[in-house]
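*Asks:* Here it is: the structure, laid out below.
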Amino acid sequence: MATLEIDRVRKTYGSMEVLKEVSISIGDGDFLVLLGPSGCGKSTLLNMIAGLESITSGEVRIAGDVVNDLPPKDRDIAMVFQSYALYPTMTVRQNIEFGMKIRGIAPEARAKATQAAAEMLQMGHLLDRRPSQLSGGQRQRVAMGRAVVREPKLFLFDEPLSNLDAKLRVDMRTEIKRLHQRLGTTIVYVTHDQIEAMTLATRIAVMKDGNVQQFGPPQEVYDRPANTYVARFVGSPAMNIIPGRLVRTGQEAAVEFSGSNGVARIDGITVSAETAQAYDGKAVLVGIRPEHFSLEKHAGPGLPVQIDVVEPTGADTLAVFQLGGVEVISRLEPFAVSSGEAVTLAVKTDKVVLFDATSETRLG
Amino acid sequence: MPRPIPLSERFANWLPRLVLTPSLLIVLVAVYLFIAWTGWISLSSSKIVPKYDFVGLEQYFRLWSTPRWHTAVANLFIFSTLFLGVTTGLGLLMAILLDQKIRAEGALRTIFLYPMALSFIVTGTAWKWILNPALGVQKMVNDMGWTSFVFDWIAQPTFAIYCVVIAAVWQSTGFAMAIFLAGLRGIDNSVIKAAQIEGAGLPRIYRSIIVPMLRPAFLSVIVLLSYVAIKSFDLILALTGTGPGSATEMPSTFMYSATFRRDQMGVGAASAMMMLMTVAAIIVPYLYSELKENRDGH
Amino acid sequence: MATNATSLRRQRLIGRTVIYGALLFMAAFYLMPLWVMIITSIKPLDEIYAGSFIGLPKHITFEAWRSAWSEACNGTACMGLKPYFVNSILLTIPAVLLSTSIGAINGYVITKWRFPGSNVIFGLLLFGCFLPFQAVILPMAQTLGFLGLAGTLPGLILVHTVYGIAFTTLFFRNYFIGIPDELVKAAQIDGAGFIRIFVSIMLPTALPIIVVSCIWQFTQIWNDFLFGASFTAGENAPITVALNNIVNVSMGRKQYNVDMAAAMIAALPTLIVYVVAGRYFVRGLTAGAVKG
């Protein structure tokens, strides 16, 4: 049972507070991704879980045991670093066996474990090479092999794919996912890449400036972001945040945008009664993801817009237009529109998210 | 139709070469021509003045049958082995200790390195005084009560060379330390963290991971210290004057006295060529591997 | 859990004590000779013969320093170190300036105006840094004789400059190679020529390495003995030669305090340079360890 509980953990360097009371709890077998830009504190938190940095206050519990005062080697963890951190003067085999040797495991058992890891990660033919003779992806596999043979309670990954080129990154991502499915070990994974977070995680913690902005399963973070920061961070192209005005319409609401052609309007948005009452007639921020626009025939007036720029990606066409005073990106069928064209767009109203105009948090 | 190159541009193209060439020529002459010149003299019958005849390897035979030269070569061997071993080991130890986030690191580094700023003559003079049996360490220990303590190595033919080792180690350890420290600082920190997570203690990390990664530093240190050892001339003259007798004679001092004092120019030249060949045997492969690695590595 | 934390802390404390202890012990060993030189040079002669070489002086006198500076005998004259100190200054400063300047230009040409064979030339120069000087002093003595410079200070300046060029070129080459070639190309497109690029682009950024080169050369040339002993004599000798003569001349009771004072005088210039600009000294050392 390797649950991980981060309980009101804080980290200060002198007078600088790097992590401000973070509390996250995941269960056995979960894949937690700490997602955020550089400097948000995600790597610091990972190092504190690993025992490479001290904990200023709060507790970290692995499988129920408080590990605050335990050195890294006693926490039963394994870590994969961004720079792979392979021992350069040892062969791949020696790299993998190093930890086992220290723990006093017999040579036959070591060889067996190494062989199993090599097979799982398809690097049996690399065992007698030195790290300098390997490519980036191969080195990454060795780093993972070294972690796997430890059979830890917790795997820690610190931006392991950042040093790889785009294509390799996709391949290795799948490897890591496959590893998780096979071994079922609890994983904590740090990255700034939201695609990695979405594809790999069972739980995402979006971080900014030492705070957790949102913690939840990927689809929830995607569909119902807690604030505009999370909304813009996850998803590519980013969610459009359009200033508008809420209008109560019976049990539902509508939003109005002022544009160059007068007022545009989207009806049929579901909100709670409190929100509809509190924000009637007030300014709100409207979040609509690019893929939730379409050219389908739709009941209702639709959104008349003037297409500005068109960017074909092969799989779709990104059409850019102005609405509510900001630039909006929509994702449409290839060659559906051309630049300068005036079209009417439909919006998936059940996917629209509303945010308070000042606090930028999501409205219910 | 390629355009004709104007004279001014042609001149500009050649300017770099023109600027480089004079000093280059002078240096090449002063190094390689002179080496060849010394070589010729070593193959001649020169005694007091150079004579440009050719007598084959006669001077070399004479050199190798001189007992004094045997002493010099043996001394070089003993000295180099001890000097290299102790300086490298001590330098590495110092670098490792200083790498442990020491508070007075800057001050300590300054203290360990200052001997390199001194002339070997100054070093020799100071240590001659310290190792003086009548007035130095021996006397001090005797005065403290241990009257049977003897430390007169500097006056003993068999032990005098070790005094040279002590003084040379004192002067050069800082250098080895500086190079090792630079090497240690260049090691990727995450490798150390990975080893800590795997449960390795600090001594184990140093032994199995860090020290093997310092191989290039070791190479630099050993090569450069060897060069210093072969060249060492000032230190011996100041510390022991090649004495007692000729007990601390080394190839460098032998060459000097043969050429300028004992009117044996041919033999002196031969000894100089022997020194050169030894240095070349160490330095040339080292330089070659360094330059090659940089061409490939970049 | 609590006991783990305290025993960890105690282990750490013991470890730190051992480390600091070892370092302090070694520091004492390295400072000892300097200490001995200083206190011996300010002791009266009787105390030296009577007391311990490492003990503090009972009476302090600077008589030995005065004597070393203006009276000490070196076998041929009793003028102290002063004239030879001046010699060394007259020798070192021109040689440092000349070798540094030439090295700067050479480094510039080798890295920014590459021509076929420039790598070979660099290799040849590099070996020149490791030349055991015994291999060339004979021919050099002959050459200086031909040029009428035998036994003179200008001759010694020439020798030090020539052999210094190998080192200074190495320093500047290693430094300039880190300056992007694109800078030179951009300047060329703007119309700058060879000299203008050197003066306006390379030199302004080269201050650190100029300091390194000067400090390194100063130390090497001031501390040199072999060239000084081989190519000058008597009143033209540099201070290292004079020091060696003074110390090895024994007439009557050996004046150890004068010897130490003389050694200190000879050592002070390079020591002061080291203390003031030590970090450049270290850069010179590690640059010389060839990481090309």
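*Asks:* Return the total of residues in the range C:203-244 being within 14 Å of chain B (Cβ to nearest Cβ), hydroxyl-bearing (Ser, Thr, Tyr) and part of a helix (DSSP H, G or I).
*Replies:* 3
*Asks:* Another question, if that's okay. Would a scan of the range A:278-289 turn up a residue that is part of a strand (DSSP E or B) and surrounded by fewer than 20 Cβ atoms within 10 Å (Cβ to Cβ)?
*Replies:* yes
*Asks:* What are the pairs with Cβ atoms under 9 angstrom where one residue, in the range C:64-85, is in contact (Cβ under 8 Å) with a residue 40 or more places away in the chain and the other, located anywhere, is outside any loop (DSSP other than H, G, I, E, B) and among the acidic types (Asp, Glu)? Sequence gap at least six, or different chains.
*Replies:* C:ALA64/C:ASP259; C:ALA68/C:ASP259; C:ALA72/C:ASP259; C:THR76/C:GLU235; C:ALA77/C:GLU235; C:PRO83/C:GLU235; C:TYR84/C:GLU235
*Asks:* Enumerate the pairs (first residue in the range B:19-36 and facing chain C (nearest Cβ under 9 Å) and within 12 Å of C:LEU124 (Cα to Cα); second residue anywhere and part of a helix (DSSP H, G or I) and among the small types (Gly, Ala, Ser)) with beta-carbon separation below 7 Å, excluding pairs fewer than 6 apart on the same chain, so at least 6 apart or on different chains.
*Replies:* Close Cβ pairs satisfying both conditions: B:VAL27/C:GLY128; B:VAL27/C:ALA166; B:VAL31/C:GLY128.
The rows are residues; the columns are (1) among the aromatic types (Phe, Trp, Tyr); (2) crowded, with 16+ Cβ neighbours inside 10 Å.
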position	(1), (2)
C:SER41	no, yes
C:LEU45	no, yes
C:ALA50	no, no
C:TRP65	yes, yes
C:CYS78	no, no
C:THR92	no, yes
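*Asks:* Scan the range C:114-135 and give yes if some residue there is more than 13 Å from chain B (Cβ to nearest Cβ) and more than 29 Å from B:THR259 (Cα to Cα), otherwise no.
*Replies:* So far as the range C:114-135 goes, no, none of its residues is more than 13 Å from chain B (Cβ to nearest Cβ) and more than 29 Å from B:THR259 (Cα to Cα).
*Asks:* Would you check if there is a residue in the range B:285-297 being in contact (Cβ under 8 Å) with a residue 12 or more places away in the chain and farther than 30 Å from A:ILE102 by Cβ?
*Replies:* Yes, some residue in the range B:285-297 is in contact (Cβ under 8 Å) with a residue 12 or more places away in the chain and farther than 30 Å from A:ILE102 by Cβ.
*Asks:* Can you find even one residue in the range B:51-58 that is buried (at least 16 other Cβ atoms within 10 Å of the Cβ), of a type in the set (Asp, Glu) and either under 12 Å from B:GLN264 (Cα atoms) or modelled with pLDDT under 85 (or both)?
*Replies:* Yes, because at least one residue in the range B:51-58 is buried (at least 16 other Cβ atoms within 10 Å of the Cβ), of a type in the set (Asp, Glu) and either under 12 Å from B:GLN264 (Cα atoms) or modelled with pLDDT under 85 (or both).
*Asks:* Still on this structure: Answer yes or no as to whether C:THR169 is within 19 Å of the chain's Cα centre (by Cα) and at the interface with another protein chain (Cβ under 9 Å from one of its Cβ atoms).
*Replies:* Yes, satisfied.
*Asks:* From the residues in the range B:219-278 that are of a type in the set (D, E, K, R) and within 11 Å of another protein chain (Cβ to nearest Cβ), which one is farthest from B:TRP69 (Cα to Cα)?
*Replies:* Among them, the one singled out is B:ASP234.
*Asks:* Specify which of the listed residues (A:VAL271, A:VAL263) is in a loop (DSSP other than H, G, I, E, B) and in contact with an Asp or Glu (Cβ under 8 Å, 6 or more places away or on another chain).
*Replies:* Every option except A:VAL271 fails the conditions.
*Asks:* Another question about this same structure. Just name the residue that is nearest to the other protein chains (Cβ to nearest Cβ) out of those in the range B:160-203 that are within 32 Å of the chain's Cα centre (by Cα) and closer than 30 Å to A:ARG150 by Cβ.
*Replies:* So the residue we want is B:ASP188.
*Asks:* Exactly one condition in (1) closer than 16 Å to C:THR161 by Cβ; (2) in contact with a Ser or Thr (Cβ under 7 Å, 6 or more places away or on another chain); (3) more than 9 Å from every other protein chain (Cβ to nearest Cβ) is not met by C:GLY80; state its number.
*Replies:* For C:GLY80, the exception is condition (1).
*Asks:* With in contact with a His (Cβ under 7 Å, 6 or more places away or on another chain) and either modelled with pLDDT of 85 or more or crowded, with 24+ Cβ neighbours inside 10 Å (or both) as the only criterion, which of C:PHE281, C:PHE227 stands out?
*Replies:* Going through C:PHE281, C:PHE227 in turn, just one is in contact with a His (Cβ under 7 Å, 6 or more places away or on another chain) and either modelled with pLDDT of 85 or more or crowded, with 24+ Cβ neighbours inside 10 Å (or both): C:PHE227.
*Asks:* Among the strands (runs of 3 or more DSSP E) lying completely within the range A:1-91, list those that include at least 3 residues that are surrounded by fewer than 16 Cβ atoms within 10 Å (Cβ to Cβ).
*Replies:* A:4-13, A:16-26, A:57-62
*Asks:* Still on this structure, please answer the following. Tell me, please, whether a residue that is at the interface with chain B (Cβ under 10 Å from one of its Cβ atoms), in contact with a helix residue (DSSP H, G or I) (Cβ under 7 Å, 6 or more places away or on another chain) and over 20 Å from C:VAL36 (Cα atoms) can be found in the range C:257-275.
*Replies:* Within the range C:257-275 (the criterion being at the interface with chain B (Cβ under 10 Å from one of its Cβ atoms), in contact with a helix residue (DSSP H, G or I) (Cβ under 7 Å, 6 or more places away or on another chain) and over 20 Å from C:VAL36 (Cα atoms)), the answer is yes, since at least one residue qualifies.
*Asks:* Could I ask something else about it? For residues that are crowded, with 18+ Cβ neighbours inside 10 Å and either farther than 16 Å from A:GLU151 by Cα or at the interface with chain B (Cβ under 9 Å from one of its Cβ atoms) (or both), tally how many sit in the range A:102-126.
*Replies:* The qualifying residues number 2.
*Asks:* Do you know which residues across the range A:175-214 are in a strand (DSSP E or B), of a type in the set (A, V, I, L, M, F, W, C) and closer than 20 Å to A:ASP165 by Cα?
*Replies:* A:VAL190
*Asks:* Then there is this: Condition first: charged (D, E, K, R) and assigned to a loop (DSSP other than H, G, I, E, B). Now tell me which residues in the range B:226-261 satisfy that.
*Replies:* B:GLU249, B:ARG261
*Asks:* Go through the range A:215-251 and give me each residue that's assigned to a strand (DSSP E or B) and farther than 26 Å from A:GLN322 by Cβ.
*Replies:* Correct list: A:PHE215, A:GLY216, A:ARG248.
The rows are residues; the columns are (1) part of a helix (DSSP H, G or I); (2) more than 9 Å from chain B (Cβ to nearest Cβ); (3) modelled with pLDDT under 85.
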residue: C:ALA5; (1), (2), (3): yes, yes, yes
residue: C:LEU34; (1), (2), (3): yes, no, no
residue: C:MET37; (1), (2), (3): yes, no, no
residue: C:GLU47; (1), (2), (3): yes, yes, yes
residue: C:PRO57; (1), (2), (3): no, yes, yes
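*Asks:* Taking the residues in the range B:44-85 that are among the aliphatic types (A, V, I, L, M) and assigned to a helix (DSSP H, G or I) as candidates, determine which candidate is farthest from B:PHE175 (Cα to Cα).
*Replies:* Taking the candidates together, the pick is B:LEU63.
*Asks:* I'm told B:LEU108 meets every condition in (1) facing chain C (nearest Cβ under 9 Å); (2) crowded, with 23+ Cβ neighbours inside 10 Å; (3) hydrophobic (A, V, I, L, M, F, W, C) except one. Can you identify the failing condition by its number?
*Replies:* Single failed check for B:LEU108: (2).
The values are calculated or read from the model by the stated rules, or taken from the named source; none is laboratory data. Source: prediction; values computed, not measured. Please note: Cβ atoms are built from the backbone with ideal geometry, for glycine as well, and neighbour counts cover all protein chains shown.
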